[in-house]
1. Being modelled with pLDDT under 90, basic (K, R) and more than 20 Å from B:S66 (Cα to Cα) is true for just one of B:K6, B:K27. Which residue is that?
2. Wholly within segment C:55-160, which helices (runs of 4 or more DSSP H) include no fewer than the required count, namely at least 3 residues that are of a type in the set (S, T, N, Q)?
3. Given the structure, is A:V122 away from chain C (no Cβ under 11 Å), hydrophobic (A, V, I, L, M, F, W, C) and farther than 22 Å from C:Q241 by Cβ?
4. Which condition number in (1) at the interface with another protein chain (Cβ under 10 Å from one of its Cβ atoms); (2) not in a loop (DSSP other than H, G, I, E, B) is the one that C:I260 fails?
5. Name the single residue, out of those in segment A:238-252 being at the interface with another protein chain (Cβ under 10 Å from one of its Cβ atoms) and assigned to a helix (DSSP H, G or I), that is surrounded by the most Cβ atoms within 10 Å (Cβ to Cβ).
6. Looking at (1) surrounded by fewer than 18 Cβ atoms within 10 Å (Cβ to Cβ); (2) more than 13 Å from chain A (Cβ to nearest Cβ); (3) within 20 Å of C:C257 (Cβ to Cβ), find the lone condition where C:L114 falls short.
7. How many of the residues in segment B:265-285 are buried (at least 18 other Cβ atoms within 10 Å of the Cβ), touching a helix residue (DSSP H, G or I) at 6+ places or on another chain (Cβ under 7 Å) and not small (G, A, S)?
8. Residue check: is A:T83 polar (S, T, N, Q) and facing chain C (nearest Cβ under 7 Å)?
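The values are calculated or read from the model by the stated rules, or taken from the named source; none is laboratory data. Small disclaimer: the values here were computed from a predicted structure and weren't measured. A quick note on method: Cβ atoms are made from the backbone with ideal geometry, for glycine too, and the neighbour counts reach across all protein chains shown.
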Amino acid sequence: MQGMALTPAAPERARLSQRLARRGFDVTTLLLLPALLFVMALFVYPAIYGLWLSLHPMNGGGALANYINFFSDAYKYDTIFTTLKLAIPVTLVNLLISVPIALRVRHMRYQRILTTILIIPVTLGTVLTAQGMLNYLGPLGWFNRVLMLLGIIHEPVRLVHDFTGVFLSQIVGGFPFCFMLVLSYVTGIDPSLESAAAMLGAGPFARFRHIILPLLGAGLAITFCLAFVQAFAVFPSAVLLGAPSGPTRVIAIAAFHAAYEEYDYSMGSAVAIIMGAVQIIVVMLVMKASSLLYRGPVAGGKG
Amino acid sequence: MTISAKNFRELRLEGMRRDFGGMNALKDISLTVRRGEFIALLGPSGCGKSTALNCLAGLLPLTGGSIWLDETRIDHLKPEERGFGMVFQNYALFPHMSLRKNIGFGLRMQKLPREVIDAKVEEALALVRLTKQADKLPGQISGGQQQRVAIARAIVVEPPLVLMDEPLSNLDAKLRLEMRAEIRRIHNMIGCSTIYVTHDQDEALSLADRIVVLREGEMRQVGTPHELYARPAHADVAEFMGYRNILKAQAQSHDGARLRMRVGGAEIAGCAIEATPGRDVIAAMRPEDLTPSDSGPIAASVVSAEYRGRDFYGLARTPEGLELWFRSDIAVRPGEALRLGAPAERVLVYAGGAA
Amino acid sequence: MTFNNEMGARLWRLAIWVFIGFFIINLVGIIAAVVVDSFGTSWFNSWLPGGFTTSWYSQAWSSFQLGGVLLVTFEVAGAVLLGSALLGVPAAYALARRDFPGKRFVMLIFVLPLIIPPFTYGIPLASVLYKFGLGGTLTGVILANLMPSVPFVIFILVPFIEQIDPRVEAAARVFGAGTGALLRTVMVPLLVPGILAALLLVLVRTIGMFELTFLTAGPGSQTLVVELYYSVFAAGMRANQSIDAMAVIYMATSLICLVIALRFVDPTQIVGRAKRTAH
């Protein structure tokens, strides 16, 4: 009797699983679910919750009160420009020095040693770099001493607790990141393309201008975006090496201040969302500009 | 306006060497290439033929010797200063430029007026029959078409010399035959000299005016296709040129270049290609020349046979265990006993010892 | 003309090497300044400290309660390793082997936490954790650190699994391996190098992950790098040498992990892979 009852259902179920399998869903696909649910719960949900929270100000005053507050207080909205003034030059400098060095290093035999050395500041992180730079670049540190010994300066220059310190720390931490991304894009370009251009009479500069640069364009745009968003979210070095109440009061400090010092999570989330929005706007502008560039394979045909 | 190679008389390589990491990648290559000549550099992989081509192109520096274009020494010039054309094995088409832009690249580098560039590119496109695809990107066309673009790009600058690095190795068999004819047609039309690197002796035989056989960085033989086919100068060249039966033999008697020798249990006649001072010699025979006949001196039994349309190709073994590749007009079966023989002038004899 | 070109090329090359050299010298200087100071007795207005001692280490160890902090750090790192392996490996396998509608969207969700800097999403994440009573606890710190690690493992492993020919699995099935035998005899041996590489990098990242831990940790759930931040932030409360001693301990911990990781993976490859997936 039971068998009789189940028989009609069985083919139905088989058909459903077959239909799903035809679209690519089967048991193997389900392996994805735990990770997806986890990221949904701890990334997508917090993002939505943060947005909701920011629209429910702690002190009342309408859904947009936090945003109105932020954009009507120069001390707060200036952090956007302070951060941009730091992040854009840092990213450009890192990118501009990465390109020639990556082009030079790509054929080098000891490439791996260099990348290993350069990965060290990334690993040590900004906090340790900041403490090291406080010692090293401080008025009594080795850097000022060497400059004075060489007679370049006569009294120590102020490099820490200022814009310069944060800027330099962003280069120490950001250049290796940029360099390795650019290096991986550069090594992806088929070297025979350059040989081919040389055989057709193109000198080093023409090869760079007509072959390397166009093929690298999209990669450079992506590198710029990735490096920019990191630089825009600078926090520890802006606090430790900079002047967190003055010239390096970056937007992350404003967000942290609201959430952890004024215990206003609603305002903190609003600032975090403004921070994300500025990042997205810059990234979209760069990607829009780079969509005019060639994007496609960077190898020279088959083989 | 027609595309035609710049005028020059000859390209001379004098003792061209390249040592790399304590190894001689190239040893004393000397060769004179006349205008309009088609030279094939033939050899197995790792023989130095691509190194030789890259040295000529200027992509690798020489470590000795010199290269001359008529009276001008060019081996110290950078690749972009030599003005040669080159077709790369993977074509190396610029993926971000249309076919038209790819072909015109060299002309733009020469800063020619736009009308001249346009006219020449148009002509080159017509020459390789790609006018309709001119505005596509290289990624959008087939391998054979990419190949033709690579050739057009190399010849449109009217180079005295075109270098080709195994240009057909990425194509399928049918396309390879078509492109062979195409390359020769374009070469004749332009009047340039071509140096063509390949490991395929059929390709070299059918395309080249002269073939240079390289082995371990050394020139083993230079000659016309016929010379190489009929009379390879060394046993290793013979083996490479399709002399599949390379047998150890003992010389019995000499009569000028003719000699009789023992191979296994049989006595056969052959002609010496190089001096054979000792008794130990090497006999080389093409399978095509070794056929069954009642008077054949070598007794053997068939191991396997393969039908090839017009005739049979087979492998036979002598009682002493020698294995011989042969051709037969009539059907042979495994296990069948037969007698094999080759005309004395088609049995080439080399000094023994090595093989 | 040729001479000028040659000169220019040489100068260019020289400039590049000078920059690399300058960068590395300063990097070494920054690190050495910390190390030297941590062993110095007193250092003021001279090239080197007046004398050398190891006493700052014992002082740092006791005054910062580093034993407990290290324990927390490794508890967090261990839990993150385990969690990211359990969640990341199966997901990477599914993404490498199956195509399904919405795959691009799933990939986007996984790539965002890697691209967006932690400080941007850290505050909303922390507010959610506090809402569920996990803020400031060890579990909260572990969950926060696990969040970017899971996609990180996925993006390292997907190309790794893709390059294993699926026909190998098919062949094992054809020769009679069941799912258990397939995993045991074929997949695990093939995947172990990739999983190991990914997890070592997760370890390095977790030890160095400042922002998320900083935003979610409370007293008793702070890792070494957050402790270091607070002590640098409150510089002047304790001797600078003592802070440097802690910095050296942190540096040694993460460099040891980095050295082990680099024995198994090439950083350019990893960045290269991450970049390709970021397209």
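1. Result of the check over B:K6, B:K27: B:K6.
2. C:55-63
3. no
4. All conditions pass for C:I260, except number (1).
5. Looking at the filtered set, the residue picked out is A:I251.
6. Single failed check for C:L114: (2).
7. So the answer is 2.
8. No.
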